[in-house]
Amino acid sequence: MSSEDNQASKKKSPDEKPEIIESDIQEVPTEKEFAEEKPEIIESDIQEVPTNNIQNTKSPSAAMIVALVVAVAAAAFFAGTYFSNLDSDEITKSDLEDAISKLESKIGNTQQAPTQPTQPVKISKDNDPIRGDPNAPITIIEFSDFQCPFCARFHVQTLPLLLEEYIDAGKVNFVYRDFPIQSIHPNALPAAVSAECANEQGKYWEYHDTLFEKQSAWSRLDSDAVISTFSQYAKDVGLEEEQFDSCLGSGKYLEEVQGDLSDGRDYDITGTPGFFIGNEEIGFVKLNGAQPFEAFQRVIDSQLDT
């Protein structure tokens, strides 16, 4: 499989309605991202993040997190999983623009035909944080990357509307699962681990919202600076700093993030954000990309009427 094919994406005009793939799980992985100006590079062939060679320590430091990230990248190479020729440490804006241009020319006419499920398919919530009533009839499960700009768009523009209309009303609950794409988002993994460390102190959603709202401030920082920034965000949301820094420095939740990555790949997640809407009884509808509120509304309303 070529790097161009692995990174396929597509523009949509503002007037076009996004396509809803009304099936439990798509047999053919989607290759579209929804954007107003530029499509997100499709980030596929994600490999599991090995953690068995990472040693825990009670003396957290930025250098330790740098070592964790380097270890992940090296393991990816030697495991034989091919992301692309783009090195996340050397990637430039010009590289991305060239890749986008080539991909757009290849997928202009690509379409996917929905398939009808023969039975409901189970999508695991794992033990990840739930927003809203755990007993709500419908669940939205998102696989997401804290450094992905389209994921930030969803959380800033669309999630507040879902909260107001469905989640706060007890009709829907929302589960966030990690799908950090280290090949082009080098700060995504430490961000995911940071959020898990915030969850340990009962402040997951406050920290989650901060990461997305301030994404532009930390997404391009070097490793030392980003760890310092994440520690400051922990202080800002009221976390106990020493416990947070120790958790982040030890890489305590790398295995949790690895589990989310593995599940996402099993569910044919090939780009971020990716969503599953439904429940185990009726099955799940898969939506891809930063789709508008109306796309979610149509699926949710049809399921609530079932």
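None of the figures in this text is laboratory data; all of them are computed from the coordinates on show. A quick note: this is a predicted structure, and the numbers were derived from the prediction, not measured. Cβ sites come from the backbone with ideal geometry, for glycine too, and all protein chains shown count toward neighbours.
Annotations for the structure displayed:
- Positive minus negative residues near CYS247 (Lys, Arg vs Asp, Glu; Cβ under 9 Å): -2
- Global geometry of region 186-277, whether rounded, prolate or oblate, following the gyration tensor of its Cα atoms and the 1.5 cut on a/c: prolate
- Cα pair distances of region 158-202 binned at 10 Å [whole percent]: 24, 32, 36, 8
- 24 Å Cα-Cα threshold exceeded, pairs from LYS171/LYS286; LYS171/LYS252; LYS125/LYS171; LYS122/LYS171; LYS125/LYS203; LYS203/LYS252: LYS171/LYS252
- Shape class for region 123-162, computed from the alpha carbon gyration tensor (a ≥ b ≥ c): oblate, with a/c not under 1.5 and a/b at or below b/c.
- Ranked for footprinting exposure by Cβ neighbours inside 10 Å, fewest first, TRP218, TRP205 give TRP205, TRP218.
- For region 153-306, the gyration tensor built on C-alpha atoms gives a prolate shape. Its axis ratio a/c (a ≥ b ≥ c) is at least 1.5, and a/b is the larger of a/b and b/c.
- Per-residue extension of 0.36 nm, minus the Cα-Cα distance of THR306 and PHE293, leaves a gain of 2.7 nm for this segment.
- In Hz, Karplus ³J(HN,Hα) per residue of region 288-305 (6.51, -1.76, 1.60; θ = phi - 60°; x = Gly, Pro): 10, x, 7, 6, x, 3, 4, 5, 5, 4, 5, 5, 4, 4, 5, 6, 5, 7
- GLU241-SER124 FRET efficiency (beta carbon distance; Förster radius 45 Å; 0.05 resolution): 0.85
- Convex hull volume of the Cα atoms of region 168-237, normalised per residue: 102 Å³.
- For the peptides 193-204, 164-175, the ranking by packing is 193-204, 164-175, with the highest mean count of neighbouring Cβ atoms within 10 Å listed first.
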